[in-house]
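Student: Sending over a structure as structure tokens; questions will come in a sec.
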Amino acid sequence: MADAGKLPPPGAPDGDDEVEASRAPLMEHLTELRGRLIWVLAAVAAAFVVCFLFAEWIYNILLIPFEEAARQVRGEDLQLELIFTAPLEFFFVKLKLALFGALIVAFPVIAYQVWAFVRPGLYKNERLAFAPFLIASPVLFAAGMAFVYYVILPFVMGFALGQEQMGNETRSSIQLLPRVSEYLNLVTTLILAFGISFQLPVLLSLLGKVGIVNSGQLIRFWKFAVVGIAGFAAFVTPPDPISQVFLGAAMFGLYGLSILAVKLVEPKEVAG
């Protein structure tokens, strides 16, 4: 009870002042976060409008691997056909394609806003350490997209077209007529699956940089990595064994590349 009436030391903030002192930085951070979210939404909205105006042209570009596969399987004289079975299906396909393209086009703005928000909380050496990973991440995502476009899609669609049956007097014709929405779902799923999977070297290198994993551990646990990669490939790809095998093989190659990357960035005293 003797301390009940004791006054705080001169200059010490009372309870309300302490709340205000802790609230001010929080409000500043929330205000900054709101401003950066506005920039992100504005960039996505602008990219969405542009992508929607060129949505049909973009869709035709995505059809090129399918067309090349059709020429090889069916021959030069047979024309590729896609269908839509609902009145507004192709319109919604273009909306979905525009949103997907907008996120990719606006990614540099999104990445910069995230980096600018967390940058003040990092030391100078931490900023320099993270800079290479910020560059490598979009490069690897683009590599995953290119791998899908030039390798996976032609192979998958060529295999699908190879299941067709030519009709004659004794049997019916069986022909692949995919819906425009189904083809877009296949393309976007594969691009996201491979683009995200190609981030494996960046993720493991970051973990190696901070000392959570090292190259010796990655080498010793490669069998567990194979099981994890197989499960991940089966989960994120369409339900067909071809894309799953391709993704699993690509990820295992990236796992080997990750071991080399981790060996370069890990602290030398924990190597091996």
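Student: Identify all residues within the range 147-158 that are under 21 Å from the mean Cα position of the chain (by Cα) and aliphatic (A, V, I, L, M); write none if there are none.
Tutor: Matches in the range 147-158: V148, V151, I152, L153, V156.
Student: Which residues, taken from the range 203-233, are in contact with a Phe, Trp or Tyr (Cβ under 9 Å, 6 or more places away or on another chain) and hydroxyl-bearing (S, T, Y)?
Tutor: Across the range 203-233, the qualifying residue is only S205.
Student: Filtering the range 214-254 down to residues that are within 30 Å of L184 (Cβ to Cβ) and among the aromatic types (F, W, Y), which residue is surrounded by the most Cβ atoms within 10 Å (Cβ to Cβ)?
Tutor: Filtering the range 214-254 for residues that are within 30 Å of L184 (Cβ to Cβ) and among the aromatic types (F, W, Y), the one surrounded by the most Cβ atoms within 10 Å (Cβ to Cβ) comes out as F246.
Student: Collect the residues in the range 107-141 that are free of Cβ contacts under 8 Å to residues at least 40 places away in the same chain, among the small types (G, A, S) and under 30 Å from G253 (Cβ atoms), keeping them in residue-number order.
Tutor: Residues satisfying the conditions are A111, A131.
Student: Do the conditions hold for I64, that is, is it within 20 Å of the chain's Cα centre (by Cα) and either closer than 30 Å to V49 by Cα or of a type in the set (D, E, K, R) (or both)?
Tutor: no
Student: Taking the stated definitions as given, is A24 over 22 Å from V148 (Cα atoms), small (G, A, S), in a helix (DSSP H, G or I) and modelled with pLDDT of 90 or more?
Tutor: Judged against the criteria, A24 is not a match.
Student: Looking only at the range 189-219, which residues are part of a helix (DSSP H, G or I), more than 19 Å from A142 (Cα to Cα), of a type outside the set (A, V, I, L, M) and without any contact (Cβ under 8 Å) to a residue 60 or more places away in the chain?
Tutor: G208, S215, G216, Q217
Student: Can you run down the residue pairs with Cβ atoms below 7 Å, 6 or more apart or on separate chains, where the first is in the range 163-183 and surrounded by 10 or more Cβ atoms within 10 Å (Cβ to Cβ) and the partner is assigned to a helix (DSSP H, G or I) and among the β-branched types (V, I, T)?
Tutor: V180/V93; S181/V93
Student: Which residue, of L161, L184, is within 27 Å of I58 (Cβ to Cβ) and over 25 Å from the mean Cα position of the chain (by Cα)?
Tutor: L161
Student: Given the condition loosely packed, with under 14 Cβ neighbours inside 10 Å and closer than 28 Å to R179 by Cβ, answer yes or no: does some residue in the range 110-120 qualify?
Tutor: No, that holds for no residue.
Student: Check off (1) in contact with a Pro (Cβ under 8 Å, 6 or more places away or on another chain); (2) more than 30 Å from K94 (Cβ to Cβ) for V118 and give me the number that stays unchecked.
Tutor: With respect to (1) in contact with a Pro (Cβ under 8 Å, 6 or more places away or on another chain); (2) more than 30 Å from K94 (Cβ to Cβ), V118 is out only on (1).
Student: I would also like to ask the following. Small (G, A, S) and more than 21 Å from the chain's Cα centre (by Cα): which single residue out of G144, G101, G121 fits that description?
Tutor: None of the others qualify; the one that does is G121.
Student: So, in the range 234-269, of the ones that are touching a helix residue (DSSP H, G or I) at 6+ places or on another chain (Cβ under 6 Å), among the β-branched types (V, I, T) and part of a helix (DSSP H, G or I), which residue ends up modelled with the highest pLDDT?
Tutor: For the range 234-269, the residue satisfying everything is I259.
Student: Do you know which residues across the range 48-67 are under 15 Å from P178 (Cα atoms) and not in a helix (DSSP H, G or I)?
Tutor: Listed by number, the list holds a single entry, L63.
Student: Got a sec? Which of F100, F147, F159 is among the hydrophobic types (A, V, I, L, M, F, W, C), touching a residue at least 60 places away in the same chain (Cβ under 8 Å), in a helix (DSSP H, G or I) and surrounded by fewer than 18 Cβ atoms within 10 Å (Cβ to Cβ)?
Tutor: After applying the criteria, what remains is F159.
Student: Confirm whether R127 is surrounded by 12 or more Cβ atoms within 10 Å (Cβ to Cβ), over 30 Å from V180 (Cα atoms) and among the basic types (K, R).
Tutor: yes
Student: Output the residues belonging to the range 70-97 that are polar (S, T, N, Q) and either loosely packed, with under 11 Cβ neighbours inside 10 Å or outside any helix (DSSP H, G or I) (or both).
Tutor: Q79, T85
The values are calculated or read from the model by the stated rules, or taken from the named source; none is laboratory data. It should be emphasised that the depicted structure is a prediction, and the values quoted were computed from it without experimental measurement. We place every Cβ from the backbone using ideal geometry, glycine too, and count neighbours over all the protein chains shown.
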